[in-house]
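The values are calculated or read from the model by the stated rules, or taken from the named source; none is laboratory data. Worth saying up front: this structure is predicted, and the values here are computed from it rather than measured. Note that each Cβ is placed from the backbone with ideal geometry, even for glycine, and that neighbours are counted across all protein chains shown.
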Amino acid sequence: MRILSTFSVLMFMLVLLSQCTNPAPTPTQAAAKELTPEEEQVYLDKGKAITAAAFAAMSGKLSAAMETGGVAGAVEYCNLAAYPLLDSLSKANNATIRRTSAKLRNPKNAAQGWEVEALAAFEQAKTLVREPKPRVRQLDDGSVVFVAPIKLQPLCTKCHGTVGTDIAAADYEVIKKLYPDDAATGYVPDELRGMWAIQFNR
Ligand code: HEC
C-alpha cells in the first residue's frame with residue numbers, strides 16, 4: 001500500500017516535470033506576428049539613433065586617443081565595453097547592443113543565434129555590390145532585432161587596414177598580443193567591416 005502511494009506520488013511528479021520541460025506555447029509566443037509598418041519604422045529609427053550615438057562617441061574618442069597616444073594608446077577604445085554610453089543606451093531601450101563581423105578581432109564578438117543569418121546576408125549583398133541597408137524584423141519570441149552595416153572609414157585603417165602599410169608593424173604587435181587570433185585586417189575604406197546587431201526585448 002505504502003509502496004503504491006509512493007509510486008503514484010512519483011508518477012505525479014514525473015507528469016509535472018514533463019510539463020515543465022515541454023511547456024505549451026505561451027499566449028505571447030502564439031500571438032507573435034509581423035510588425036506593422038509603423039512599428040517597423042519606430043524600431044528602425046531607434047536602431048539608427050543608437051548606432052549613430054555609439055559611432056559618434058567611438059570615433060571621437062578613437063581619433064582623440066590616437067592623436068595623443070598613437071595606435072597603442074587607442075587600442076582599447078574600439079570596444080563597446082569601454083563606453084558607459086552603450087550601457088545606458090542598452091538599459092534605456094531594454095536592448096542588447098552588439099557588433100559582429102565575418103573577420104573577427106575578438107572571438108567574443110562572433111555572430112550567434114539569429115545574427116549568423118543576418119551577417120551572411122550582409123556579406124552576400126557585398127559580393128553582389130548591393131548596398132546593405134539597416135533592417136528590422138521580429139523573432140519568434142516576440143523580440144525585435146535591428147541590424148545595420150558597419151563600413152570602414154579612413155581612420156579605421158590604422159588598426160584594420162593592411163599590416164606593414166596602413167598598420168605599423170610595431171602597432172600590430174600590440175594588437176596581436178591582445179588578440180592572438182586576430183583576423184580583422186586587410187580592409188579598405190568603404191568596405192563592409194561588420195554589422196551592428198541590436199535586440200529589443202519586448
Ligand atoms: C586603435 C585601433 C583601432 C581603431 C582605430 C579601430 N579599431 Fe575596430 N577594433 C580594434 C580592437 C582592438 C577591436 C577588438 C575590440 C574588442 O575586444 O571587442 C576592434 C573591433 C572592432 C569590431 C568588432 C568585431 C571584431 O572584429 O571583434 C568592429 C566592427 C570594428 N572594430 C570596426 C571598426 C571601425 C568601423 C573603425 C573605424 C571607425 C575601427 N574599428 C577603428 C581596434 C581598432
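Against the conditions (1) polar (S, T, N, Q); (2) free of Cβ contacts under 8 Å to residues at least 40 places away in the same chain; (3) part of a strand (DSSP E or B), GLN199 satisfies every one except (2).
Only one entry of GLU131, GLU117 meets the criterion of being modelled with pLDDT under 95 and of a type outside the set (Phe, Trp, Tyr), and that entry is GLU131. Taking the conditions exactly as written (within 11 Å of the ligand (Cβ to nearest atom) and surrounded by 12 or more Cβ atoms within 10 Å (Cβ to Cβ)), does LEU104 satisfy them or not? Judged against the criteria, LEU104 is a match. VAL144 meets the conditions (1) touching a residue at least 60 places away in the same chain (Cβ under 8 Å); (2) surrounded by fewer than 18 Cβ atoms within 10 Å (Cβ to Cβ) in every case but one. The failed one is (2). Of the residues making up the range 86-94, none is part of a strand (DSSP E or B) and at pLDDT 95 or above. For beta carbons closer than 8 Å, sequence separation of 6+ or different chains, a first residue in the range 161-175 that is touching a residue at least 60 places away in the same chain (Cβ under 8 Å) and a second that is in a loop (DSSP other than H, G, I, E, B) and of a type in the set (S, T, N, Q), the qualifying pairs are ILE167/THR185. From the list ALA65, ALA125, ALA56, the lone residue that is within 17 Å of ILE150 (Cβ to Cβ) and either surrounded by 14 or more Cβ atoms within 10 Å (Cβ to Cβ) or near the ligand (Cβ under 9 Å from one of its atoms) (or both) is ALA125. Could you check the range 73-100 and list, in sequence order, the residues that are more than 8 Å from the ligand (Cβ to nearest atom) and of a type in the set (A, V, I, L, M)? Within the range 73-100, ALA82, LEU85, LEU86, LEU89, ALA92, ALA95, ILE97 meet the criteria.
Which count do you get for residues in the range 109-154 that are outside any helix (DSSP H, G or I) and not charged (D, E, K, R)?
Residues in the range 109-154 being outside any helix (DSSP H, G or I) and not charged (D, E, K, R): 22 in total.
Taking the criterion of being over 17 Å from THR100 (Cα atoms), outside any loop (DSSP other than H, G, I, E, B) and either near the ligand (Cβ under 10 Å from one of its atoms) or in contact (Cβ under 8 Å) with a residue 12 or more places away in the chain (or both), the only residue of the range 176-196 that qualifies is LEU178.
Kindly indicate whether any position in the range 154-162 is in contact with a helix residue (DSSP H, G or I) (Cβ under 9 Å, 6 or more places away or on another chain), of a type in the set (Lys, Arg), within 13 Å of the ligand (Cβ to nearest atom) and farther than 30 Å from GLU34 by Cβ. Yes, that holds for at least one residue.
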